[in-house]
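The values are calculated or read from the model by the stated rules, or taken from the named source; none is laboratory data. Owing to the predicted nature of the structure, the values given are computational and were not obtained by experimental measurement. Neighbour counts are summed over all protein chains in view; Cβ atoms, including those assigned to glycine, are modelled from backbone coordinates with ideal geometry. Protein only, heavy atoms only, side chains kept; ligands, DNA and RNA dropped before computing areas. Shrake-Rupley method; radii C 1.70, N 1.55, O 1.52, S 1.80 Å.
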Amino acid sequence: MLLQDKLLPNVKSCKLKRRDICLQNVIMKDTDAAKRLREARISAGYTTQVEFAEKNDIAKSTYSTHESGSRGLTAESAEQYGRILSVSASWLIFGKEPFTINVTSSNNVQPEDINYQAIDVTGAVKAGNWVKIPNWPQEDWKATICPIDDRYPRIKLFCLIVEGDDMDKRYQQGNVLRCLPIKQDPEELIPGKRYIVHRMDDDGLTEVTAKELRSHEDGSLWLWPLSNNPKHQMPLELSDGSVKIHARVVGCSSDE
């Protein structure tokens with residue numbers, strides 16, 4: 001049995017290229033993480049959950065749900081607990097360090113081990129869904145597994161899950177997008193790349209979508225949906241005051 005089948009039994013085996021993410025649509029739900037967290041706490045000398053939470057200024061209820069397994073352990077939480085307990089976040093979530101998967105490349109060259117990491121899925125992209133707060137509450141974040149992206153060694157990436165069909169020419173329902181936080185600096189924007197876009201309405205609600213940046217012949221920048229749905233064909237001009245770029249998509253099924 002392949003390692004990914006042991007960890008994620010609903011994932012079909014497939015051939016992967018370097019950093020391709022056949023596993024990227026699966027949110028980690030490893031109940032053993034709670035057992036490892038308890039083991040690390042006791043090994044570090046904390047007799048009870050209450051003692052650990054109080055001494056490290058952590059909400060008792062939050063920690064209790066993580067150690068009991070009733071709430072999934074996020075990558076951010078695992079990093080926090082790992083620093084305190086002197087264990088790695090990868091070990092807490094995956095049970096081994098480093099976390100590697102041996103995959104066969106699509107051109108049938110020698111299989112290679114690819115290092116994976118946990119990244120939090122913090123929200124969703126969906127056209128027409130207007131919300132007060134763009135991100136999910138932190139207690140609803142879920143860790144997903146992604147290849148370690150050595151292009152951004154010092155930048156904390158986050159993930160968003162695709163809901164709907166506003167980018168179905170490129171991304172499908174359930175795809176998980178790896179996102180690089182950026183400032184809306186024209187010098188950092190790259191036409192032809194996909195970006196996470198926040199659009200605000202007059203009531204203070206926000207729509208979060210993924211769109212492709214394109215440059216017009218007059219030099220203006222536009223954000224285009226790549227959708228087969230006639231409802232999602234309207235491009236947005238970047239200079240529109242209601243539109244703000246939040247992040248660049250740097251990966252889905254492969255690097256971008």
Once amide hydrogens are built 1.01 Å from N within the peptide plane, the residues lying 5 or more places from VAL250 or on another chain with amide H under 5 Å from its amide H are ARG178, CYS179, LEU180
Links exceeding 30 Å between C-alpha atoms in this model, out of LYS55/LYS244; LYS35/LYS183; LYS142/LYS244, come to LYS55/LYS244; LYS35/LYS183
Amide H neighbours of GLN117 at under 5 Å, excluding residues fewer than 5 places away on the same chain, with H built from the backbone geometry, are CYS146, ILE148
Taking the dipole of segment 159-241 about the Cα centre (Lys, Arg +1; Asp, Glu -1; charges at Cβ), the one of PRO225, VAL162, SER239 that reaches farthest to the positive side is VAL162
Rounded to the nearest Å, the spacing of the alpha-carbon centers of segment 222-256 and segment 141-166 is 17 Å
Karplus-derived 3J(HN,Hα) from phi for segment 164-171 (6.51 cos²θ - 1.76 cosθ + 1.60, θ = phi - 60°), whole Hz, x at Gly and Pro, runs x, 10, 6, 9, 6, 6, 10, 10
Sequence order, segment 128-141: Karplus ³J(HN,Hα) from phi using 6.51 cos²θ - 1.76 cosθ + 1.60, θ = phi - 60°, Hz rounded, Gly and Pro as x, gives x, 9, 9, 10, 6, 10, x, 8, 5, x, 4, 5, 9, 5
For segment 150-155, Karplus-derived ³J(HN,Hα) couplings (6.51, -1.76, 1.60; θ = phi - 60°; whole Hz; x for glycine and proline) come out as 6, 6, 10, x, 10, 10
Once all protein chains are kept in place, MET234 shows an accessible area at probe 1.4 Å, nearest 10 Å², of 140 Å²
Loop-resident GluC sites (Glu not before Pro) in segment 140-203 with no more than 11 other Cβ atoms inside 10 Å, DSSP not H/G/I/E/B, are GLU187, GLU188
Listed by chain and number, the residues whose amide H is under 5 Å from that of LYS193, excluding neighbours fewer than 5 places away on the same chain and using placed H, are LEU213
Per-residue accessible area, 1.4 Å probe, largest first, puts ARG71, ARG38, ARG214, ARG154 in the order ARG154, ARG38, ARG214, ARG71
Everything considered on the Cα gyration tensor (a ≥ b ≥ c; rounded for a/c under 1.5, else prolate if a/b is larger than b/c, else oblate), segment 114-198 must be described as rounded
